[in-house]
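Bear in mind that the values in this text are calculations on the coordinates, not laboratory data. None of these values were measured; they are calculated from a predicted model. Virtual Cβ from ideal backbone geometry, glycine too; neighbours counted across all protein chains shown.
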Protein chains: 2
Amino acid sequence: MTAFSVANISSSNQIDILDEWEIAVIDLFLNAANSFGLPKSYGQIYGLLFCRDQSLSMNEVMKLLEISKGSASQGLRALRQLGAVSSVFEPGDRKERFVAEIRLRKLVGGFLREQADPHLDKGVGRLKQIKSLINDLEDVDVRKRGIRRHEILSGWHRQMSRLLPWVKMIVGKSDRLPQKSSD
Amino acid sequence: MTAFSVANISSSNQIDILDEWEIAVIDLFLNAANSFGLPKSYGQIYGLLFCRDQSLSMNEVMKLLEISKGSASQGLRALRQLGAVSSVFEPGDRKERFVAEIRLRKLVGGFLREQADPHLDKGVGRLKQIKSLINDLEDVDVRKRGIRRHEILSGWHRQMSRLLPWVKMIVGKSDRLPQKSSD
DNA sequence: CACTTTGTTCAAAAAAACTTGAACAAATTA
DNA sequence: TAATTTGTTCAAGTTTTTTTGAACAAAGTG
């Protein structure tokens, strides 16, 4: 769950080799992706772009991370969909190049939009279905129990819906510089 | 990702058979567990307990859900650890019985405590390690870039830390009854 | 003590998730 | 048009995660 081959020691400004600190950052994002339920390769790709000032092509991503074409293609697409990377086209160059979005509010916003919102939406339908199953019940006590449960679930659903805008808002605050890197 | 065998039609107050609506609720939690990165069986177990008024023993959980001893044992332990179920002992009965915690703030709090907090803690160490790798860099431009990235990561870390208390707080508000089940 | 009940552990099996790479398509160039 | 570059798709392979069930421990019972 860690791992990578070694990198260059004397850190010249090489952009086609991974620096040691970059490997560590990439590994950080690998783990983060994992715990957000995203494939590790997405984390690696984002981590790499996060480290770089210059945009990278899909090919460069593949080679630097030693991942397959398929992973790179799918990963970059998904990350763009999430709003975590965006693509740029250098004039007179046919290929797409990618850069990382580093504004936390954008990252969080995209993640919530793509992951949380759909779940909440599906939830509405599921709750309706459960409701109708419960309404069909003959036994009064069981129906009462069912109704109570449906109320609880509806309440949760409502609360989660109320929460999301706050999260986006709170994370948005002071997305700017951290004060000082106090070691 | 759905599935279950059928249940009783004429819903008498049977507590050793799954009602159709209960199957639907269990399936809801199965999916929810999944998208929170927890094993499906945890979701099933929680969902079952959520539906019931009476506490259930591990054996009853196993039989009702048709899952193995191992899954039931591990699942119940993990859920208790998360604060999502608690155990009760009926007097004069040796075996442990379980009930679901239904207060959303408790559920969210437990989840954040067990899943988010540890990640943030590990993050501190990782950031330190990255910092030191960056400090070792010879190349001035690369070091500058590294420092900038470290600052960004530190800022994110700080923001996530600030966010969690708010989440617990906002979810806590009005954990009581939903107003009306408006179909 | 022998026997039953309750619950844990963990190696092996099964299932799910992720990655790979070859085949394909589209656009560009010679 | 043939050859090249860039990127997508997806079946098959690999890795990781989850589940199972047999062996074991602990505690009560007769």
Set the Förster distance to 35 Å, then compute FRET efficiency between A:Val88 and A:Ser161 from the Cβ-Cβ distance, nearest 0.05.
-> 0.50
Would you mind checking B:Lys40/B:Lys122; A:Lys122/A:Lys168; A:Lys173/B:Lys40; B:Lys95/B:Lys173; A:Lys106/B:Lys131 for any pair whose Cα atoms are more than 29 angstrom apart?
-> A:Lys173/B:Lys40; B:Lys95/B:Lys173
Long-range HN-HN contacts of A:Ser57 with modeled amide H, under 5 Å = A:Phe98
Starting from the amide H of A:Arg52, placed 1.01 Å from N in the peptide plane, find each other amide H under 5 Å away whose residue is 5 or more places distant or on another chain.
-> none
Around A:Phe89 (Cβ within 11 Å, Cβ-to-Cβ, excluding A:Phe89; K/R +1, D/E -1) the net charge comes to 0
Other-chain or far-sequence residues with amide H under 5 Å of B:Leu18's (modelled H) | B:Asn8
Pop a pseudo-label 7 angstrom from the Cα along the beta-carbon direction at both B:Asp141 and B:Gln115 and give the gap in nm to one decimal.
-> 4.3 nm
For peptide A:25-38, how many partner chain Cβ atoms fall within 10 Å of a residue's Cβ, on average?
-> 3
Could you give the angle, 0 to 90 degrees to the nearest 10, between helix B:20-35's Cα long axis and the longest principal axis of the Cα atoms of chain B?
-> 10 degrees
Residue-wise HN-Hα coupling along the range B:165-172, computed from phi with Karplus coefficients 6.51, -1.76, 1.60 (Hz; x: Gly, Pro) = x, 4, 4, 4, 5, 5, 5, x
Which of the aspartates and glutamates could be linked to A:Lys128 by a straight reach, that is with a Cα gap under 13 Å, when you skip same-chain ones fewer than 8 residues away?
-> A:Asp136, A:Glu151, B:Asp183
